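Below you'll find the structure, written out as structure tokens, and then a few comments.
No lab work stands behind these numbers, since they all come straight from the coordinates. Being a predicted model, the structure only gives us computed values, none of them experimental. Here Cβ is always computed from backbone atoms with ideal geometry, including for glycine, and neighbour counts include all displayed protein chains.
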Amino acid sequence: MNWTSLDEFLYMGGYGLYVWGSYAATLVVMSVEAVLVRKRLQAAVGALGNSEASG
Amino acid sequence: MIGLLLAVTRRDLLMARRRRMEALLPLGFFVVAAGLFPIGVGPESQTLRQIAPGVLWVCALLAAMLSVTQMFASDHHDGSLEQMVLAPQPLVVVVAGKVLAHWLTSGIPLVLTAPLIGVLFDMRAQSIVTLTLTLLLGTPILSLLGAVGAALTLGLRSGAALMFLLVLPLTVPALIFGTGAVGAVDAGLSAQAHMSLLGALLILTLLGAPLAAAAALRISLD
Amino acid sequence: MNLRPNTFAAPSRFYAMAGTLTPWFWAAALLFGLTGLYVGFAIAPTDFQQGDAYRIIFIHVPAAWMSMLIYLVLAFWAAWGWMLNARMASMYARALAPTGALFTFIALWTGALWGKPTWGTWWVWDARLTSEFILLLMYLGYIALTEAIDDPRRAANAGALLALVGVVNIPIIYFSVRWWNTLHQGATISMTAAPKMVSTMLTAMLLMTSASGPIVSRWCSPALGRSCSSRNPTTNGSRDWNVDPLARRRRYT
């Protein structure tokens, strides 16, 4: 183990802001992408339902 | 083939001559936009001399993009573009002719006006000469890449703005080498490397862009 | 089922396959990701020069590799769809674009956060950063163009042309650190020489890269939503694709 306590882990040798800022941004972006994909799928399935009803 | 190229160019030049004011609008934009910078940034010569190559190149870029949609738009509206696409003559040559006409009407005036604007920015004589040469090599590149963008966005509602977004990233290498050449001359170094690369870019674009624009026209008109 | 090379060119069959594979991709991504994070944080030592700030590398490098790879894959499939009139290939390319753009954004963002403590600046206009930024603009341009055109076939083909024109940027990004003097460090991994990085760091980085591959696939499969009903595989989608069975192969120049 590189760190002896949770505090040290979060502090990251002084670079905590940068390291955790990066990981947090990545997490946010990945969640946004998952939401966008789900929305696109729902829209496509919805449009398909409408077109099947008419054609 | 050369006959076809010249015929298309002559036709487009004739149409531009009939609407002289419209053809000169990009030049007007270039002068006004470049002239705004000394007013906004302040008249200090040192600052102006530093920003001059970048400002002039970006304004030339934007001016070229403004007029490039006209290359195909008016022909598209009255249906003659479809006739050109359907004709047995190679579309690449037709596109090359249109690009040549565009460069002659909007690129050449920019190149000729740039030295005067350079004087407004208090540039040294050697820098002005280098800048003019880079614009001479660069404006054809802008016309060629603009043709590809105009063909891709033919007839779209937001065509002009979309074309800016598509074409400007592609013109960045030309911008970098063009302004880099003037920067090198300002620092007392030789601009040969930058000019060679700019020339290479021109050749590459000359070979590829008419092909891409012709393909894009067929995609847009199907 | 008889598997031919073009079995999954039908959107309905591709959608079904993607649906089956999605949970496996989830599992692979989680497995590789958690392992990579564990190796990266628990096992890899603190760097002598950069301290713990270097641990951003486990996100930054995989994201950058993915951003370039996704663009190449996008351009390939878009061109395939254009040349062979293959609907599925074009759909795949359009689904990849937002993912690629987001990976490029992550690469730029984490790069900036890594540059501030180590280089002293958030951004510098050197060759690699500039060309990666241009890559982001190209993704956005592709998305904008394909969204702006209503006819799906014209949109896909125009996007394919645009993507192909932009492919030239990828080698520029990759070789920029070799061709120019840049602030960004040069290549530490090559096919021929031993890596100059401590092996534990390398393992963690590669594990994270393997994680992001399945993540991309997992996202893209559900995104291929258009008309992918399994009820009528022959007619779904062809209404909006305007396929003319009598059209000859057209000359483009």
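Between B:Leu154, B:Leu36, B:Leu100, the GNM of chain B built on Cα springs shorter than 10 angstrom shows B:Leu36 fluctuating the most.
With kT/(6 pi eta Rh) evaluated at 20 °C and eta = 1.002 mPa s, and Rh the Kirkwood radius from Cα pairs, chain B diffuses with a coefficient of 120 µm²/s according to Stokes-Einstein.
Here is the tail figure for the range B:171-222: Cα pairs spaced more than 19 Å apart come to 44 percent of all pairs.
Whole number please: convex hull volume per residue, Cα atoms of the protein assembly as shown, in Å³.
Values: hull volume 103.1 nm³, N = 530.
Given the Cα convex hull of the protein assembly as shown, per-residue volume reads 195 Å³.
Applying 0.36 nm per residue to the separation of B:His77 and B:Thr47 and subtracting their alpha-carbon distance, the gain on full extension is 6.2 nm.
Modelled this way, with points 7 Å down the Cα-to-C-beta line, the labels at C:Phe175 and B:Val32 are 4.4 nm from one another. Between C:Ala27 and A:Val32, the simple label model (points 7 Å from Cα in the Cβ direction) yields a spacing of 3.2 nm.
Comparing Cα centroids, the range B:74-147 and the range C:68-90 end up 32 angstrom apart. Taken as Cα centroids, the range B:30-72 and the range B:162-198 sit 15 Å apart, rounded to the nearest whole angstrom.
Exposure proxy for B:Lys98, A:Lys39, C:Lys116: other Cβ atoms within 10 Å of each Cβ, ordered fewest to most, give A:Lys39, C:Lys116, B:Lys98.
Taking a spot 7 Å from the Cα of B:Leu112 along the direction of its beta carbon, which residues of the range B:1-30 have an amide N less than 20 Å from it? Of the residues in the range B:1-30, B:9-30 have backbone N under 20 Å from the label point off B:Leu112. Shape of the range A:6-54 from its Cα gyration tensor (a ≥ b ≥ c, root eigenvalues): rounded if a/c is under 1.5, otherwise prolate when a/b > b/c, or oblate? Prolate.
Assign unit charges at the C-beta atoms only (+1 for Lys and Arg, -1 for Asp and Glu), then state the dipole size of the range B:2-221 relative to its Cα centre in Debye, rounded to the nearest 20. Write out the running numbers ahead of the final one.
Working: 11 positive and 8 negative charges, 74 e Å.
That gives the range B:2-221 a dipole magnitude of about 360 debye.
What's the average, rounded to a whole number, of partner chain beta-carbon atoms within 10 Å of each residue's beta-carbon in C:140-153?
Mean shielding count: 4.
Just need log10 I(q)/I(0) for the range C:32-156 at q = 0.16, 0.20, 0.22 Å⁻¹, Debye formula, equal scatterers on the alpha-carbon atoms, no solvent, rounded to two decimals. Results for the range C:32-156 at q = 0.16, 0.20, 0.22 Å⁻¹ read -0.84, -1.07, -1.19.
Dividing the summed -39500 (n - 2.57) terms of all DSSP H runs of n ≥ 4 by the residue count of chain B sets its mean residue ellipticity at 222 nm at -29000 deg cm²/dmol.
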